[in-house]
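Step one of this worksheet: look at the structure below.
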Amino acid sequence: MASLGEQLRSARETAALTVEEAAVVTHIPREHLAALEADNLATLPGPPFNAGFIRIYAEALQLPVQPLLDLYYAQAGEAPPAVGAATMPAARRGRQRLLASLLLVVALGVVLALLLITDFGGLTDDGGATNDPDAAAPSIVDRGAVFELVVVSETQVRIEVDGRTLVDEILATGESRQWSMERETVLDVGAADAVTITINGQPHPPLADPGQAARHTWQVAISAAPTAAPRPTSN
């Protein structure tokens, strides 16, 4: 009867694999495979590891595993592990995999909950929307309306007038900006209570609750938009 190493080497050669290629396929160090094929079992790490190497190598070469393991224990003069000892690690690994799966499910649930809280954080307890910067409907003003913004507490301010950025910076307390518009103004502030706004000399209501970032849009009424001059007609 051929030895363990002879059977492994013959199967590898039949599969047209070199030892180096077999090492890549099995992820077993080349020197361990060479030792197995040479029946040089004394240089291998030890029975538990050696049995694992043989199992992986046999499966890669499509050889029956158990007869090769029996042959290994006979050649090495080692007693095969008891059935209980062999099955308990597998059961333990199964419990570990189950625990890891449960932990993964819990972690995904936590992430999902955080995402839901973030997405729906703009709702109040009664289901109404809070001061979402993008939620307020545009205010309608007359074309050419004059705006004045006065900073009462340092904050970030961005003002876009008719598609052009007028201001995008942190303004200090006491600074002010004035502008007029033909079509649209979009205002972003870091804190709603850090600025006051007047339009044509009339104070504008607060954009949001104190301390909240806010965005508001003012648009010119369609009827107030400039129209093309009539073409002259010839008599």
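We did not get these values from a lab; they are worked out from the coordinates using the rules stated. What you see is a predicted model, and the numbers here were worked out from it, not measured in a lab. Neighbour counts are summed over all protein chains in view; Cβ atoms, including those assigned to glycine, are modelled from backbone coordinates with ideal geometry.
Quick check: residue separation of LEU104 and THR43 times 0.36 nm, minus the Cα distance between them. What number comes out in nm? Before the final figure, lay out each step's value.
On the way: separation 61, 0.36 × 61 = 21.96 nm, distance 4.06 nm.
Gain on extension, LEU104 to THR43, equals 17.9 nm.
To the nearest 20 Debye, how big is the dipole of the range 4-76 about its Cα centre, given +1 on the beta carbon of each Lys and Arg and -1 on that of each Asp and Glu?
Here the range 4-76 has a charge dipole of around 120 debye.
Compute and list, largest first, the equivalent-ellipsoid semi-axes of the range 4-76 from the alpha carbon gyration tensor, each √(5λ) rounded to a whole angstrom.
Numbers: eigenvalues 57, 35, 23 Å².
Rounded to whole Å, the semi-axes are 17, 13, 11.
Suppose each label sits 7 Å from its Cα in the direction of the beta carbon; what would the ILE222-ARG158 distance come out to in nanometres?
Distance between the two pseudo-spin positions: 2.9 nm.
Relative to the present Cα-Cα distance, how much length would full extension add between ASP168 and ASP142 at 0.36 nm per residue of separation? If you can, show how the numbers build up before the last one.
On the way: separation 26, 0.36 × 26 = 9.36 nm, distance 2.45 nm.
So the chain would gain 6.9 nm between ASP168 and ASP142.
To the nearest 0.05, what FRET efficiency results for ARG30 and ASP209 with a Förster distance of 41 Å applied to their C-beta separation? Show your work: numbers first, answer last.
Values: r = 69 Å, r/R0 = 1.69.
Efficiency computed from Cβ-Cβ geometry: 0.05.
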